[in-house]
Amino acid sequence: KSVKIHKLQKEKVEFERYTTTAQVTRENEKAEEIQMLKQQIAGLQEEFRRNESHWQAAHGKLRNQIDTLTKQNLELQDELRVSEHQRLEAKGQSGAAVDFTSRQPDTLVLADLLPVVVVKCLRQRTCGRKSPVPVTHLSVFKETNTSSSTKGKIFGVEQMLIDGRKIITFRNGTKKEISADTRTTVVMFFNGDIKKIMPDQRVIYYYADAQTAHTTYPSGLEVLRFPNNQIEKHYPDGTKEIVFPDQTVKRFSESGLEETVFPDGTVVKVEKNGDKMVLFSNGQKEIHTAQFKRREYPDGTIKTVYSSGQQETKYSSGRVRIKDEEGNIILDKK
């Protein structure tokens, strides 16, 4: 009997030793997994910070260029409005418009005062096309100011083509082309910028210097396409979306929510108060607040680290384990 008791005690000791060893092994494996995941998160965060810094610098530079070019565009638009007004006034006065279809000799005299492109139009009846296009009417417009220094000064030429298009060429080199149905307008500015008004009311402005296209839709949506393939969208409700060259998508809502979607499927959401949620492509979720950091696993396990340093792990089996800030287990409820 004593031999049996001794044998049972020995087996009990060996079983407890095996259980303890297995438990330690599992805990070590989980600790290694947690450490590996932390390193992956740190790597992703560092890579995102580097990319974001580079993107912000490039974006800031391009925005400054756009602001400068927008200001120049507004000045040119004012000049066009004044020129159009003067043209209309000139039409109502005798001698303000000269018909070149019946006065060919005057062409040689006025040609010296007009831009080269207009001279070509006058002499060849063609305007920048590979094959000549017949011109049904060609007029030169003059200033109507009373000032002796500007009176009679030629500032532009209007061409009416046989296909119904109208082309206006201004003294500074800016050209405005209106389609026969008047639904499409293209303005080619002297600095290389191009503005298009499409039949569907889209307005496309191309900034030559910044190589950036700015499209405004009737709905109020604005889309910016930068030369590095970055796309920026501004919605009427105040939402902004940026698609970076590596296909990372960043959204800013009017409420202050900032959402970033990485190419690998990872999603990072940052609230206005600084709370952050990270949704990993493997199904894990991480929550960061001022009070705690929590990771939720697909199997239902939840691990939380509080700002005090205390750690809490809730397993899917119902087991709860709590450690103090020094890593000592203070509760292990199975």
* FRET efficiency estimate (nearest 0.05) - Cβ-Cβ, GLU52 to ILE194, R0 45 angstrom -> 0.90
* Förster-model FRET efficiency, 56 Å R0, ASP299 and ASP209, C-beta, rounded to 0.05 -> 0.50
* Could you tell me the largest-minus-smallest coordinate of the C-alpha atoms of the range 235-303 on each of the three principal axes, in descending order and whole angstroms? => 41, 27, 15
* Asked: For the modelled label position 7 Å from the Cα of PHE292 along Cα-to-Cβ, which residues of the range 302-334 have backbone nitrogen atoms closer than 14 Å?
  -> 302-315, 320-324
* What are the GluC sites (Glu not before Pro) within the range 289-334 that DSSP puts in a loop, where the Cβ has at most 13 other Cβ atoms within 10 Å? -> GLU325, GLU326
* To do: Mind grabbing the accessible area of THR313 for me, 1.4 Å probe, Å², rounded to tens?
  => 20
* Probe 1.4 Å, all protein chains in place: accessible area of GLU47 in Å², nearest 10? -> 90
* Asked: At what distance in nm do the modelled label points of GLU325 and GLU79 sit from each other, each positioned 7 Å from its Cα along Cα→Cβ?
  -> 6.8
* Structure fact -> Subtracting the Cα-Cα distance of ARG26 and TYR306 from 0.36 nm times their residue separation yields 98.5 nm
* Cross-link pairs beyond the 25 Å C-alpha cut-off, checked among LYS269/LYS303; LYS10/LYS314; LYS303/LYS334; LYS250/LYS285; LYS30/LYS334; LYS38/LYS323 -> LYS10/LYS314
* Asked: What nm value, rounded to one decimal, do you get for the distance between TYR315 and SER255 when each label is placed 7 Å out toward the C-beta?
  -> 3.8
* Nearest 0.05, what FRET efficiency do LYS61 and GLN284 give at R0 = 35 Å with Cβ-Cβ as r? -> 0.40
* To do: Report the full-extension gain for the segment LYS334 to LYS276: residue separation times 0.36 nm, less the Cα-Cα distance, to one decimal in nm.
  => 17.8 nm
* Under a point spin-label approximation (7 Å from Cα along Cα-to-Cβ), what is the THR19-LYS166 distance to one decimal in nm? -> 9.5
* To do: Show me 244-252, 36-44 ranked by packing, highest mean number of other Cβ atoms within 10 Å first.
  => 244-252, 36-44
* Asked: To the nearest 10 Å², what's LYS333's accessible area with a 1.4 Å probe?
  -> 130
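The values are calculated or read from the model by the stated rules, or taken from the named source; none is laboratory data. Keep in mind that this is a model prediction, so the values were computed, not measured. Don't worry about glycine lacking a Cβ; one is built from the backbone with ideal geometry, like all the others, and counts go over all protein chains shown. The accessibility values were calculated without ligands, DNA or RNA, using every heavy atom of the protein model including side chains. Shrake-Rupley method; radii C 1.70, N 1.55, O 1.52, S 1.80 Å.
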